[in-house]
1. Using a label position 7 Å from Cα in the Cα→Cβ direction, what is the ascending list of nm distances from D:A78 to the same site in the other copies?
2. Every other copy gets compared here: list the nm distances from the B:S276 label point (7 Å along Cα to Cβ) to its counterparts, shortest first, one decimal.
3. Rank C:G20, C:G364, C:G144 by mean-square fluctuation in a GNM of chain C with C-alpha springs under 10 angstrom and give only the top-ranked residue.
4. Rounded to the nearest 0.05, what FRET efficiency do C:F22 and A:A157 have when you use their Cβ-Cβ distance and R0 = 60 Å?
5. Quick one: net charge around C:L221, please, counting Lys, Arg +1 and Asp, Glu -1 for every other residue with C-beta under 13 Å from its C-beta.
6. Please say if segment B:146-198 is rounded, prolate or oblate, where rounded means a/c under 1.5 for a ≥ b ≥ c the square roots of the C-alpha gyration tensor eigenvalues, and otherwise the choice is prolate for a/b larger than b/c and oblate otherwise?
7. So what is the orientation-averaged projected area of segment C:249-302, using the convex hull of its C-alpha atoms, in nm²?
8. Report the antiparallel proportion of the DSSP beta bridges in chain A as a percent, rounded to a multiple of 5.
There are 4 protein chains.
Amino acid sequence: MTTMTSQRRLKLGMVGGGDGAFIGAVHRMAARLDDCYELVAGALSSQPERAAASAAAIGLDPARAYSDYREMARREAARADGIDAVAIVTPNYLHAPVASAFLEAGIHVICDKPLAISLAEGEALAALAHARNRVFALTHVYAGYPMVRHARAMVAAGDIGEVRLVQVEYAQDWLAEAANQGRDYQENNWHNDPLRAGPAGCLGDIGTHAYHLAGFVAGMLPSQVLAELHAFTPGRRVDDHVQVMLRYANGARGMLWSSQMATGCENALKLRVFGSKASLAFDQENPNALWVTPQGGCAERLTRGRVRGAAAQAATRIPSGHPEGFIEAFAHLYREAAAQIHAREAGAAPEAGALPTVDDGVDGLRFIDAVIESHRGDARWVSLAG
Amino acid sequence: MTTMTSQRRLKLGMVGGGDGAFIGAVHRMAARLDDCYELVAGALSSQPERAAASAAAIGLDPARAYSDYREMARREAARADGIDAVAIVTPNYLHAPVASAFLEAGIHVICDKPLAISLAEGEALAALAHARNRVFALTHVYAGYPMVRHARAMVAAGDIGEVRLVQVEYAQDWLAEAANQGRDYQENNWHNDPLRAGPAGCLGDIGTHAYHLAGFVAGMLPSQVLAELHAFTPGRRVDDHVQVMLRYANGARGMLWSSQMATGCENALKLRVFGSKASLAFDQENPNALWVTPQGGCAERLTRGRVRGAAAQAATRIPSGHPEGFIEAFAHLYREAAAQIHAREAGAAPEAGALPTVDDGVDGLRFIDAVIESHRGDARWVSLAG
Amino acid sequence: MTTMTSQRRLKLGMVGGGDGAFIGAVHRMAARLDDCYELVAGALSSQPERAAASAAAIGLDPARAYSDYREMARREAARADGIDAVAIVTPNYLHAPVASAFLEAGIHVICDKPLAISLAEGEALAALAHARNRVFALTHVYAGYPMVRHARAMVAAGDIGEVRLVQVEYAQDWLAEAANQGRDYQENNWHNDPLRAGPAGCLGDIGTHAYHLAGFVAGMLPSQVLAELHAFTPGRRVDDHVQVMLRYANGARGMLWSSQMATGCENALKLRVFGSKASLAFDQENPNALWVTPQGGCAERLTRGRVRGAAAQAATRIPSGHPEGFIEAFAHLYREAAAQIHAREAGAAPEAGALPTVDDGVDGLRFIDAVIESHRGDARWVSLAG
Amino acid sequence: MTTMTSQRRLKLGMVGGGDGAFIGAVHRMAARLDDCYELVAGALSSQPERAAASAAAIGLDPARAYSDYREMARREAARADGIDAVAIVTPNYLHAPVASAFLEAGIHVICDKPLAISLAEGEALAALAHARNRVFALTHVYAGYPMVRHARAMVAAGDIGEVRLVQVEYAQDWLAEAANQGRDYQENNWHNDPLRAGPAGCLGDIGTHAYHLAGFVAGMLPSQVLAELHAFTPGRRVDDHVQVMLRYANGARGMLWSSQMATGCENALKLRVFGSKASLAFDQENPNALWVTPQGGCAERLTRGRVRGAAAQAATRIPSGHPEGFIEAFAHLYREAAAQIHAREAGAAPEAGALPTVDDGVDGLRFIDAVIESHRGDARWVSLAG
């Protein structure tokens, strides 16, 4: 669980993530959640107007709202109160050049995946990061789940024996939506443009998540792959479906399947690792559980709040049985309270919404009173006075 | 999904929630998540030293770190930049006096449940809140879940017909832990002290959550209750187990069960509402789903990302298939990146941790290259150069 | 698993279960499954024509097809090759008189539940069965599930500690179907006639199953009940909804809920027993699993094929991982083969149905060949010659 | 549901299935369940003594208990009351010669899978079966499940659109048990002997089940395969692990995985078929459900008792909500009653077992009485007189 710490908040900048960008907003929420960062600068868009408007919308100092990331790197590096780190949430092809510019300026990098759009570009970037001795975090988000951490720790501790088989899959169906199958999408969306997204479509977008997760938990990468890429979508310039067989140096086998044309799948990232003693199963859509089954035995459903392992504990904020959405649910009430406060301040009449209020509290107390009265009468019916 | 907004951040104070307090930390994370609040003042403890240390740990201005909530209300109300709202996360018996002090000072209130420790106290507080026309949010957190909102909207829209039966339960087992069954816990923990927790134990602590959730979704409160309270724990001064039968004005029936002695239960809050056309089922431990089954038909598993209803959408931050823990997982990577940056800044050698880095990115690109090469060879084995 | 035995098949008679009767057909399948009985006589209906036709349909000797159960008891008792046992599958009000007639004739009884339509009648019947020293099996079918047996054995062995709480429910929705809500059904169906079904509706029909199951597993019956019956159905003369609170002599508490108006429920019989060490959960719709969760721990999903307990093993016919429907699926193929054989014998042309045939076998062998050829080519694409 | 029929019972013989053989006992139970067959002859073993003892154990006429299947075919064909059909449950290498002998004798065949141990042998057998116009049922048992039938019917009706992707897997872990990893097992068990089991190990044993199921539901077989076989087990002469990529003539893709070394898996046969409109998922360990998810939509859990399709209905014996194990549970009570009857007949004292009896019936009636009394007292506590 979170404990209080007096470490200073780091100053954070962001490149990409202007209005309407999903992943930028997620990065900002993540940066705020544990209060370790303060967002103070951004090149939220390369279009000056959109950059300025987006910066204003999130309360950035206009003097630190840039549209050119190179200028941002240069000027932030020069300021006494310049950013400590930059979060990069641009289209894929910009990851490497933007990261390089900030590394050159001595600034730590938190970068969305994939790292780059070619291996050569990625290797050069890695060399630069190491040379400059800067932190370079790549947001393979699934590595942040408590039960993924626990699974990794179990494999590392030998709890499942020697790894024999890895089965990983990541299936979505959004690309099969009619709107995304049309010519317009295929011609204009950057995800389908090899120059901006790289030569890998589904493979780069989600296949690499599956690949990272498998390696993260299994503690090893394959030594050989055999693969077939496919595009079901007419006019598609990159793959939308990937099937891979895996061989590992220790003799283990594996399969990886990833698709964005898998009808009915939302975000079905699933990993199974079979060892000589036990197997593990993790499903990202139910991330608070990890299934462990010993050879010849029955499955145990480990949960985030109940496992005692340090790895899972370190990634946990809330107690046993509370799924992590608990914080978001709390946040939603706070957001609604803020909206009502703003409305009141603006002179609007109190509105009856879904936000629980003092009156709900009174109803609850009325229930408590009636329950106690009924109980004292050896369980008899008691009316709830309205 | 979150859209950018330029509304000013509200200034927030907090009473309670000093170092070690679980729910205070959750409230602070929730307040930060959507960037609607800035925490600027607090009476985090009534013990001056602990209050000051706790305030320092979270970076509050020492001038606004109080130990007396009355003083805090008075002085904050007097400041030009005083708090707009206060979050109250104290033991139950302080909810009403603290809330009253801030309402009297014209400050909006966000208060943990239960509202008060007696009905009379609660009714007085409600009257005050209404008289002062201040927002009073009571954090019945389960009302913040997207699928709870959707369930409520479905009932309100008549989608399940007339409500015929409500089954709600909230079961935990933490009180049955040996440490909590001992004499020390029973004598000293404020939850077991009727003077500080109120006369209701499990009933007030979690039974009221179940009661609120049932009413929130069903759109109606019972007109009669019949109840039995029980304490399995020796020396327990309040209940640890509650069974209630419910009757509603429209003829519906219901049952409520709540226990903190339910062996093996983490935080098992479950609601089922049966209408004349369909039934709904929600399980807080799997909050991204809502099960709907029509009379005589098959169950459909509605998910947060797939339902189109406005109520669920408004409470949603991230896309289909991503459980809300997604943000926490992201935040965990940010937190680890911050830790590594602090370490680097302090001259520590780069540490190999679980945080995905630029090298993981290179591995991913190597995988992409090998997959494409294999595919171009009509699916043949390709080695991954190390 | 079933082992071969040379014990003679018992001769079985049946009262009730004429054409169209669901439970009679189930009893006959059950009697055949393990080859312990041979059905040789029956009073399948009290209407002579229907009795004769039903007996002919299942191949009974016409001389042993009765319409009067008294006559059947008398004549079967007099035959050298008379029945050893009778299966009683009539409406409830006939259970006791029919059973009495056969007990008086010295014949063992297998009787559907409930035993009788009044306590006095049931007590008299029990006294008679004991006096005559005949086996009297009451088909509370849920007592026959392997995992129910295992649960019972675990409780008896002290594996869950002292039982603290019993939660049992049995919910269906068939009565809420429009056809069953009409006046015709309410006036004419024997289930709604207190004279034929007894004074208990849902309570007697399925509530007693829930009650038996709870006692069977928990190893104790309650000492006190507090109950509310309800009829949601207009014109209903017996209950269709039951809520009961339970108190046990050892201080345990419990709740029982049963309803035939629970929208969306098929046959939702669920039992949870909470002990001081662990809890158990069984769901009849997923009968191959038993969930066990220790205090403060994680749930384990015990399965029929994996638990080593003698009680479950004795009730098991097939191996680990094969749900018991496996036999039915096999039987379905046998049934289809029989239909095709009859058709062939009758000179009908071979029909292409769903029954797998020799040609499917060839397809399978073709697949094996192609797989081996591909593998020998270091995993290369191989065509399946049609 | 089963309806009564007066069609004559077919006379059935069996080859293989002597004492201790699992699959033979399953075939016999399946043949009995629907009362379509009468087992009258058998060559249950090729060892004369074991054949005779096994035949006696199941009550066969000694004159029709053979040890040579050729003699059995010849003599049964010559009898006026000879068998209509033979069930073949021998080791794989005997399937084809035994089946041929009976086909030559004009007898219908019900044969366990795989059809034969080589493609050439299987093709010859198919030619013979067609030439002789005999029914040849191959017991791919999974084709007998109601929800598999329903899935197949949905695909055939176009309900899921064009099939785009097939994912099928069949994983077990029994071979990884220590006892099965030893040299003795590898050298002596016929499953590991290519001469008796054929060249395919796991591939032939369960891989072909997966292959058949996929084709049965998808309505098409692949046109190309790419495969890797593997043996994790030291000394293993056939594969114990299979990975296959599939290509279909219509452009669909697929993957098949089968393993008997998949730690923790009991009998995990799972099929997913993704079409352009919807996807289907079936899991043999939960055979009463079929999951259907439309493109972009939410999953619906179709159940055996609730789908109205003719295909599922035809394969269904019992009502909505009762898993098929219901019959086995009933049968278990019948078996226990038989055991008690035999004991009584032998003069043994009545034993207190788990079989519900008349006394349980009295307890149930006592409960009903108490519930009604409590209800009449407006829900008050009523003691259960012991």
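No lab work stands behind these numbers, since they all come straight from the coordinates. Keep in mind it's a predicted model, so treat the numbers as computed, not measured. All Cβ positions, even for glycine, are placed from backbone atoms using ideal geometry, and neighbour counts span all protein chains on display.
1. Values, ascending and in nm: 4.6, 11.0, 11.9.
2. Result for B:S276, in nm, nearest copy first: 4.3, 5.0, 6.6.
3. Highest fluctuation among the options: C:G364.
4. After rounding, the FRET efficiency stands at 0.65.
5. Here the charged neighbours net out to -1.
6. prolate
7. Average projection, Cα convex hull of segment C:249-302: 5.1 nm².
8. Working: 35 of 61 bridges.
So the antiparallel bridges amount to about 55 percent of the total.
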